[in-house]
1. Tell me, what ³J(HN,Hα) does each residue in region 433-443 have, in order and in whole Hz, if you take phi through Karplus 6.51 cos²θ - 1.76 cosθ + 1.60 with θ = phi - 60° and put x for Gly and Pro?
2. Please report the spacing between the Cα centers of region 170-217 and region 396-446 in Å, no decimals.
3. Please work out the ratio of the alpha-carbon Rg of region 5-161 to 2.2 N^0.38 Å and round it to two decimals.
4. Given 20 °C and 1.002 mPa s, how large is the Stokes-Einstein diffusion coefficient of region 375-447 in µm²/s, with Rh as the Kirkwood radius over Cα pairs?
5. Pairwise over distinct Cα atoms, reciprocal of the mean inverse distance: report the Kirkwood radius of region 170-366 in Å, one decimal place.
6. In the structure displayed, which of LYS178/LYS359; LYS25/LYS452; LYS51/LYS179; LYS91/LYS274; LYS51/LYS149; LYS122/LYS296 lie more than 19 Å apart, Cα to Cα?
7. For HIS105, HIS79, which order do you get if you count the other beta carbons within 10 Å of each Cβ and list the fewest first?
8. Please rank ASP212, ASP133, ASP344, ASP246, fewest neighbouring Cβ atoms within 10 Å first, as an exposure proxy.
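Where a number appears in this text, it was derived from the coordinates with a stated rule and is not lab data. As the structure is a computational prediction, the values presented were derived from the model and not from experiment. Note: ideal-geometry Cβ built from the backbone for every residue, glycine included; neighbour counts use all protein chains shown.
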Amino acid sequence: MGKYFGTDGFRGEANVELSAKIAFKIGRFLGYYFGEKAAAQQREAKIVIGKDTRRSSYMFEYALAAGITSSGSDAYLLHVTTTPSVSYVTKCDGFDCGIMISASHNPYYDNGIKLLNGNGEKMDDETISLIEDFLDGKSGIPPYALREKIGRTVDYIEGRNRYIGYLISLGLYSFKGKKIALDCANGSAWNIAPSVFNALGAKTYVINAEPDGTNINRNAGSTHIEGLQRFVVENGLDAGFAYDGDADRCLCVDELGNVVDGDKILYIYARYLKEMGELKTNTVVATVMSNLGLFKALDELGIEYVKTAVGDKYVYEYMATNKNVIGGEQSGHIIFGKYASTGDGILTSLKMMEVMLAKKSTLSALTQSVKTFPQVLRNVPVTEKVLVMSAPLVQAAISEAEVVLGSDGRILVRPSGTEPLVRVMAEAVDVPTCEKCIDIVVKAIEACGFVKHE
């Protein structure tokens, strides 16, 4: 991780950690950097920008576009759209760089800037380091473009519409007769997901699709899925799909109201691919946060797995290097290597529908073989998340917890890549054992004086 850019971009409270001035400077650097590369090929650079529904997203959109055009590159605006759509458009329409303005599942007052390379993949660390050096004044100031060299701002809503058409084209079966709920989190999916499901013939029930700039993720979407659970059961629906603010993740609800998380999604689709003879490398790429139940279920199917660091960036990097076709996170970032280079919530929901229809099965039946181990996660606000990990007292507490868990569980302590938190997760045969082990570690963090009190 860089100084400002974490595992999923530059993120912070709008006009506190992340200001319009910073966005302008990022845009200015990107406009110059990719402009120089494009000039060597005797062409003009073009950068595409998407945003979620946060009030501050408009401010950052204009600031980024101003920076890009002031350096001589062209800024193309997708307007409100999803992160995976920016990835798709960047790659397919030949853009030098893609930018998504979003803080994903964070509350509305936070925002973020996610950068993608010309292949629609997370930006490489070398380029991120150059941007951070510029922000810190360690590199020279790019010249402003003058006269006819000043860049243009172009309305590019057609790119978003083409992405919608792409998703519809991936529907192998008609959804006619299926009653499906979509929780759009008052975010990026609000006008895309319903369009796709309606076009494929589903009877679509949409909730949390009235964004007002401040209600994104508020008691809605994949981080507050209990509302969708009730909605599916009360309306007798076949399934429900919940997205996060920028719709790069999806969690599902089966017809009984049970949550189908990213681990179970990985299991369902990997098993489906194996039955179809299409699970290349016979491997699922998960993360260290995935549940032991997933790995045991995959063992029973003879499917191999690997565990990466948390972050769909790391999942994708492993998949791309090793030519794996399915990977993702428990949180719902699922990457279908054949179709996308980033997590895509709407694509995930389409793929779950595909398996249900192909196997003529309910979603609950597809998950019966996965026996989830109790898993408890506690987010601890801290002042110095990096120092926590190296503190001897904390390391001793982790070792103590591991003794308590034995071979039937595990403890995982890691700094958040996007927030000032340390995440402490325990997995065991029962919840009380999980809580006991988490308490051991959290008390050690408190004793070291790292806990941030409100």
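1. Once rounded to whole Hz, the list reads 5, 4, 4, 4, 5, 5, 4, 4, 6, 5, 4.
2. Centre-to-centre (Cα) distance: 37 Å.
3. Details: Rg = 14.1 Å, N = 157, 2.2 N^0.38 = 15.0 Å.
Here the Cα radius of gyration is 0.94 times the empirical estimate.
4. Details: Rh = 12.0 Å.
After rounding, the answer is 179 µm²/s.
5. Working: mean 1/r = 0.0604 Å⁻¹.
Hydrodynamic radius (Kirkwood, Cα pairs) of region 170-366 is 16.6 Å.
6. Values: LYS178/LYS359 14 Å; LYS25/LYS452 31 Å; LYS51/LYS179 30 Å; LYS91/LYS274 29 Å; LYS51/LYS149 26 Å; LYS122/LYS296 31 Å.
Flagged as over cut-off: LYS25/LYS452; LYS51/LYS179; LYS91/LYS274; LYS51/LYS149; LYS122/LYS296.
7. Values: HIS105 23, HIS79 15.
Going from sparsest to densest Cβ surroundings: HIS79, HIS105.
8. Values: ASP212 11, ASP133 15, ASP344 30, ASP246 34.
The fewest-first ordering by Cβ neighbours comes to ASP212, ASP133, ASP344, ASP246.
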